[in-house]
Each structure stands twice: as structure tokens, then as C-alpha cells.
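Step one of this worksheet: look at the structure below.
The values are calculated or read from the model by the stated rules, or taken from the named source; none is laboratory data. In this text the structure is predicted, and so the values were computed from the model without any measurement. A quick note on method: Cβ atoms are made from the backbone with ideal geometry, for glycine too, and the neighbour counts reach across all protein chains shown. For accessibility, only protein heavy atoms count, side chains too; no ligands or nucleic acids. Shrake-Rupley method; radii C 1.70, N 1.55, O 1.52, S 1.80 Å.
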Amino acid sequence: LMKAAKLETLNISENLVETVHSLKACTILADLDLSGNWLMDLSGLTEAPALTDLNVSACELGDPDMETLAKIAPLRKLDISYNNMEDMSALFALKELETLDITGTPVDLADYADHPMAVDYVDADVVKSGDCSDGLKWMIDKTGRLTIYGKGKMRSYEDVDAPWPEASTVRVNR
């Protein structure tokens, strides 16, 4: 990849890749799919100056790998689904991040609900979600648990005007 200066998109998924070497020469690489590899060293990713879309799903990533991913400043879309990390707080450093896929991970979105990161989360366990009032959002997972999160004043709702459908349990994050 050292001579791939004109490369914009690269898919090397399912290729037994263990180490991502320097991507410094890939000056316009914006979209990289490394899914399904056994990644042990991600450090080369931090040198990709234009990387905005990264798929590292099903790569056996853990909590320490989130620190490395957090150094890829231009990222807008990150797929870390089907990995083993439990703590994604390092990713809050990614100021440009718009979409984060955490499907199939042990991460509980509700644990991060009060963080000011303006990201659209993708999680197959969340079946419905939306806004309920100024600064507050709601989501219902596949077990029927309603979680209300964010910062703001919660208004009272009647059964007929609640923005969420019926839920089996309720969790309110503070």
C-alpha cells in the first residue's frame, strides 16, 4: 500500500490480515473494509489522513483497540460490530463521527446515554428509538426494555401521547 496514493476505497475483508501497516501514502483513502480479519495491530490506521469510513466488524477487537481507533480523527462512520469490547468511551474523542455500529457487542448503549457525542448508533438489539423532548431520547431493545436518556427536562406523558410504544421494563439514565 505504500504506492497506493490514488486509492480511495479498499476492501480487504476476510483476508487473514493481522497487522495494518502504515497508510500514510494512501492520502485519499476514505473507505476501508477490514471486516472479518484477525486484527492484532491497528496502529497503521492512525496514519490515514482521509479515512472517513472504516469497517472493522468481526475482527476480535477489544477495549485497548478502541484507544487506537480514537486516533483516526477524520472518521465519520465506524463499524465495530461483532467484536469483544465493553468500553467504547475512548471513541468519544472522534469529533467528526456520525454513525457507530455496535451490533453484537457487549456494549450497552444506555451506559453512554449522557455523553454529549452526537452520533447515530446502530445496534440490532435496538428495535425502536426516537426523541421525546428537548435533549431527551428513547430506545426500546428487543427484550422490550425502554431506556430514556440524555439531558433535559422530561415532560409528563399520558398513555395516548407517549412517543414510544408499550414497553415491558423501563430504565431511566441519570
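Brief remarks on what is shown
- The set of residues in the range 26-37 that are crowded, with 17+ Cβ neighbours inside 10 Å and at pLDDT 90 or above comprises Leu29, Ala30, Leu32, Asp33, Leu34, Ser35, Gly36, Asn37.
- Residues being farther than 16 Å from Asp111 by Cα and either part of a loop (DSSP other than H, G, I, E, B) or modelled with pLDDT of 75 or more (or both) - total across the range 130-156: 13
- Selection status of Ile72, outside any strand (DSSP E or B), more than 17 Å from Thr105 (Cα to Cα), in contact with a strand residue (DSSP E or B) (Cβ under 8 Å, 6 or more places away or on another chain) and not basic (Lys, Arg): yes
- So Leu23, is it touching a residue at least 24 places away in the same chain (Cβ under 8 Å) and open to solvent by less than 30 Å² (accessible area, probe 1.4 Å): yes
- Among the residues making up the range 38-52, those that are assigned to a loop (DSSP other than H, G, I, E, B) and either open to solvent by 20 Å² or more (accessible area, probe 1.4 Å) or free of Cβ contacts under 8 Å to residues at least 12 places away in the same chain (or both) are Trp38, Met40, Pro49, Ala50, Thr52.
- From the options Glu96, Glu14, Glu60, residue that is under 30 Å from Leu136 (Cβ atoms) and in a loop (DSSP other than H, G, I, E, B): Glu96
- Some residue of the range 57-72 being open to solvent by less than 30 Å² (accessible area, probe 1.4 Å), more than 30 Å from Val127 (Cα to Cα) and either β-branched (Val, Ile, Thr) or at pLDDT below 90 (or both): no
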